[in-house]
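In what follows, a single structure is set out as structure tokens and then discussed.
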Amino acid sequence: MKPRLLLSNDDGLDSPFLPTFAKALAEVVDLQIVVPSRERSWIGRAYCRHEILEAKRVDFFGLDCQTVSGTPADCVNIALAHLCGETPDAVVSGLNIGQNVALPLLWSSGTFAAAVEGAGWGVSAFAFSMRLEKIYYEYCRLRHGAAPEPLLRNIEAASEHAAEFLIECLERGECGGGRVVNVNYPIQYDRAKPFVKCVPANAELRSVYKKCGGGKFEFSYSLGEVKSPNGAKTDIECLDDAQACYSVIDIRG
């Protein structure tokens, strides 16, 4: 019997990464998809407390798919409480358009937050992300354009690996208990390279806004100063070395 899996993301139903990632997972699990009805990046684990949310079933390549008019955390919460017939064996979030690395910026990620929501319910939880070249990031993230062929091959390779890694983790039973397995793939993912266990980098925050005149400020991504805890190899160092990597983060502290 295949494991039951709930898939969400923060890039919404229109993510150009979602079809490839979902199809790869559906090969090895019984998949239920519940994603935001629109893109909800950089929102962390927010809930739409003052809104009435709506879930809608949608046609998505013949897969069991619904959208929710809320945040990634809303999607997973509503799915686990109301939409899933049975508690899934795992909650998976992604494949995210862009990396999700370094503490404390991980806590700003809607992708990571969806996985955290699952872990908070005691379900095995995974977040998958991919670092992109700037031109691809802007095309896919800002315009939701179809992935160009070189990027699509990278997405396919990462999705196939993610499906295999997920099954291995579930079979070993090492990924539950309030923990999130956070996985990142490099710009040029090569399956021949070792898949590395790492730790999230420590980032000392700096301004993530720049002045744009008239007392206004525009978001501008910044990690600030990055450090390695205890000399261990970090997620950022792995991606800089073109290595896919994963860390296990205990949300209970």
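The values are calculated or read from the model by the stated rules, or taken from the named source; none is laboratory data. Note that the coordinates shown come from a computational prediction; the quantities given were computed from them, not determined experimentally. Positions of Cβ are backbone-derived with ideal geometry, glycine not excepted, and every protein chain shown enters the neighbour counts. Protein only, heavy atoms only, side chains kept; ligands, DNA and RNA dropped before computing areas. Shrake-Rupley method; radii C 1.70, N 1.55, O 1.52, S 1.80 Å.
What the table below lists for this structure:
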quantity	calculated
The listed residue being touching a Pro at 6+ places or on another chain (Cβ under 9 Å) and open to solvent by less than 40 Å² (accessible area, probe 1.4 Å), out of Ser129, Ser93	Ser93
Enumeration of residues in region 200-218 that are at pLDDT 90 or above, out of contact with any Leu (no Cβ under 9 Å at 6 or more places or on another chain) and under 23 Å from Ser41 (Cα atoms)	Tyr209, Lys210, Lys211, Cys212, Lys216, Phe217, Glu218
Every pair of residues 6+ apart whose Cβ atoms lie under 6 Å, when the first sits in region 102-127 and is over 20 Å from Cys169 (Cα atoms) while the second is among the charged types (D, E, K, R) and open to solvent by less than 10 Å² (accessible area, probe 1.4 Å)	Gly110/Asp10
Number of the condition not met by His50 [criteria: (1) within 23 Å of Leu106 (Cβ to Cβ); (2) out of contact with any Gly (no Cβ under 6 Å at 6 or more places or on another chain); (3) at pLDDT 95 or above]	(1)
Residue in region 14-35 that is hydroxyl-bearing (Ser, Thr, Tyr), more than 13 Å from the chain's Cα centre (by Cα) and closer than 20 Å to Tyr137 by Cα present	yes
Number of the exception - Asp59 against (1) open to solvent by 40 Å² or more (accessible area, probe 1.4 Å); (2) within 26 Å of Gly122 (Cβ to Cβ)	(2)
Positions within region 203-249 being assigned to a loop (DSSP other than H, G, I, E, B), open to solvent by less than 80 Å² (accessible area, probe 1.4 Å), in contact (Cβ under 8 Å) with a residue 24 or more places away in the chain and hydrophobic (A, V, I, L, M, F, W, C), in sequence order	Leu223, Ala232, Ala242, Ala244
Unique match (being without any contact (Cβ under 8 Å) to a residue 40 or more places away in the chain and either of a type in the set (A, V, I, L, M, F, W, C) or closer than 25 Å to Val28 by Cβ (or both)) among Leu80, Leu151, Leu63	Leu151
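Table: residues versus (1) in contact with a helix residue (DSSP H, G or I) (Cβ under 9 Å, 6 or more places away or on another chain); (2) open to solvent by 50 Å² or more (accessible area, probe 1.4 Å); (3) assigned to a loop (DSSP other than H, G, I, E, B).
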| site | (1), (2), (3) |
| --- | --- |
| Asp14 | no, yes, yes |
| Ala22 | yes, no, no |
| Val35 | yes, no, no |
| Trp42 | yes, yes, yes |
| Arg49 | no, yes, yes |
| Ile52 | no, yes, yes |
| Gln66 | yes, no, no |
| Ala73 | yes, no, no |
| Glu86 | no, yes, yes |
